[in-house]
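Just below is one structure, and these are the notes that go with it.
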Amino acid sequence: MALFRISRLADPAPLARGDGMYLRPAQSFDYPAWTALREASRDFLTPWEPSWPTDDLTRAAFRRRLKRQADEIARDEAYSFLIFEDGSDNLLGGITIGGVRRGVAQAATLGYWIGAPYARRGHMTRAVAAAVGFGFSSLRLHRIEAACIPDNIASIRVLERNGFQKEGFARAYLRINGAWRDHLLFALLESDARAHLSGRRGVA
C-alpha cells in the first residue's frame with residue numbers, strides 16, 4: 001500500500017489558483033476551445049511535443065482523453081489541468097503532474113504547454129507556480145521533476161524562475177516530433193519551493 005495516500009480528487013471545480021489564473025481538469029464542454037487553441041498552436045508546439053496522432057483533435061479523441069484523465073486521477077497516477085485566465089476564462093494552455101510515485105519517493109513529473117497566442121507573457125511561469133503549490137500541498141509530494149530540450153530556452157527559464165535546479169543530462173530521453181531528443185533534467189524539492197517563495201516575498 002502506498003504511503004501518504006490522499007483522497008481522490010474528481011471535483012471539476014478549480015483545484016489550483018495562481019496569479020491571475022486557475023487550473024482545473026478538462027471537461028467535455030472545453031472541447032471547442034481546446035481544439036481551437038491546439039490547432040492554432042500546431043506549428044508553435046510541434047518542435048517540443050511528441051508527434052500528434054492523426055485524430056488528435058477530434059471529439060472522439062478528446063472523450064478518450066477525458067476518460068484517461070479521470071482514470072489517472074482515480075488511481076492517483078497523474079493530474080492533468082487546463083490553464084484558464086481569471087476574469088476572461090480564456091484557455092491558455094495545459095499542465096500535468098504525472099508519473100506520480102508514492103511510497104518512499106513521493107515524486108512526480110511536470111509537463112506543460114502554452115498556446116501560441118499566449119506565449120512569452122509570463123503565463124506559464126505563473127501556471128507552474130500554481131501547479132507546484134498544488135503538488136506539494138494537496139498531493140503531498142516531496143519532489144517534482146521536469147525535463148526539457150536544451151534549446152528550449154523559454155521552458156528552461158520557466159523552470160528556473162520557479163526555483164527548479166538542473167540536475168543532469170539525459171541522452172535520447174524522449175521521442176519528440178518523431179526523433180529521440182536529449183533533455184536537461186530539473187527538479188524541485190518541497191523545501192526548495194518554500195525557500196524560493198520566502199526569497200521572493202523578501203524582495204522589495
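The values are calculated or read from the model by the stated rules, or taken from the named source; none is laboratory data. Being a predicted model, the structure only gives us computed values, none of them experimental. Note that we place each Cβ from the backbone using ideal geometry, even for glycine, and neighbour counts take in every protein chain shown.
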Are there any pairs, at least 6 apart or on different chains, whose C-beta atoms fall under 8 Å, with the first in segment 174-189 and at positive phi and the second of a type in the set (S, T, N, Q) and surrounded by fewer than 16 Cβ atoms within 10 Å (Cβ to Cβ), and if so, which? 177/46; 177/51; 178/51
Considering only residues that are of a type in the set (D, E, K, R) and either farther than 21 Å from residue 192 by Cα or outside any loop (DSSP other than H, G, I, E, B) (or both), which ones fall in segment 98-134? 101, 120, 121, 126
Regarding residue 30, is this residue of a type in the set (D, E, K, R), in a helix (DSSP H, G or I) and out of contact with any helix residue (DSSP H, G or I) (no Cβ under 6 Å at 6 or more places or on another chain)? yes
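Only one residue in 83, 95, 73 is over 26 Å from residue 150 (Cα atoms), β-branched (Val, Ile, Thr) and either assigned to a helix (DSSP H, G or I) or touching a residue at least 60 places away in the same chain (Cβ under 8 Å) (or both). Which one?
Working: 83 fails: over 26 Å from residue 150 (Cα atoms); 95 fails: over 26 Å from residue 150 (Cα atoms).
One residue alone meets the criteria, 73.
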Would it be correct to say that residue 61 is free of Cβ contacts under 8 Å to residues at least 24 places away in the same chain and hydrophobic (A, V, I, L, M, F, W, C)? yes
How do the pairs read when you match residues in segment 152-168 that are in a helix (DSSP H, G or I) with residues anywhere that are of a type in the set (Phe, Trp, Tyr), using Cβ under 6 Å and keeping only pairs 6 or more apart or on different chains? 159/186
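Residue-wise test of (1) over 13 Å from residue 97 (Cβ atoms); (2) touching a Phe, Trp or Tyr at 6+ places or on another chain (Cβ under 7 Å).
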{"position": "143", "(1), (2)": "no, no"}
{"position": "146", "(1), (2)": "no, yes"}
{"position": "149", "(1), (2)": "yes, yes"}
{"position": "157", "(1), (2)": "yes, no"}
{"position": "161", "(1), (2)": "yes, no"}
{"position": "170", "(1), (2)": "yes, no"}
{"position": "174", "(1), (2)": "yes, no"}
{"position": "182", "(1), (2)": "yes, yes"}
I want to confirm something. Restricting to segment 35-75 and keeping residues that are over 20 Å from residue 115 (Cβ atoms) and among the aliphatic types (A, V, I, L, M), which single residue is farthest from the chain's Cα centre (by Cα)? 60
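Of these, 161, 140, which one is among the charged types (D, E, K, R), within 18 Å of residue 188 (Cβ to Cβ) and surrounded by fewer than 15 Cβ atoms within 10 Å (Cβ to Cβ)? Break it down into steps so the answer makes sense when it comes.
Numbers: 161 fails: surrounded by fewer than 15 Cβ atoms within 10 Å (Cβ to Cβ).
Among 161, 140, only 140 is among the charged types (D, E, K, R), within 18 Å of residue 188 (Cβ to Cβ) and surrounded by fewer than 15 Cβ atoms within 10 Å (Cβ to Cβ).
Okay, residues lined up against (1) out of contact with any Asp or Glu (no Cβ under 7 Å at 6 or more places or on another chain); (2) surrounded by 14 or more Cβ atoms within 10 Å (Cβ to Cβ); (3) among the hydrophobic types (A, V, I, L, M, F, W, C); (4) at pLDDT 95 or above:
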{"site": "29", "(1), (2), (3), (4)": "yes, no, yes, yes"}
{"site": "35", "(1), (2), (3), (4)": "yes, yes, no, yes"}
{"site": "43", "(1), (2), (3), (4)": "yes, no, no, yes"}
{"site": "97", "(1), (2), (3), (4)": "yes, yes, yes, yes"}
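If we keep just the residues of segment 105-151 that are charged (D, E, K, R) and touching a residue at least 24 places away in the same chain (Cβ under 8 Å), which is farthest from residue 176 (Cα to Cα)?
Let us first name the residues in segment 105-151 that are charged (D, E, K, R), namely 120-121, 126, 140, 143, 145, 151.
Narrowing the set further to residues that are touching a residue at least 24 places away in the same chain (Cβ under 8 Å) leaves 120, 126, 140, 143, 145.
Details: 120: 21, 126: 25, 140: 30, 143: 24, 145: 18 Å.
Once the filter is applied, the top-ranked residue is 140.
Regarding residue 123, is this residue closer than 30 Å to residue 43 by Cβ and out of contact with any Lys or Arg (no Cβ under 6 Å at 6 or more places or on another chain)?
Numbers: closer than 30 Å to residue 43 by Cβ: yes; out of contact with any Lys or Arg (no Cβ under 6 Å at 6 or more places or on another chain): yes.
In short, yes.
Looking only at segment 175-185, which residues are crowded, with 16+ Cβ neighbours inside 10 Å and either of a type outside the set (Lys, Arg) or under 9 Å from residue 147 (Cα atoms) (or both)? Break it down stepwise before answering.
Taking segment 175-185 first, the residues crowded, with 16+ Cβ neighbours inside 10 Å are 176, 181, 183-185.
Within segment 175-185, 176, 183, 184, 185 meet the criteria.
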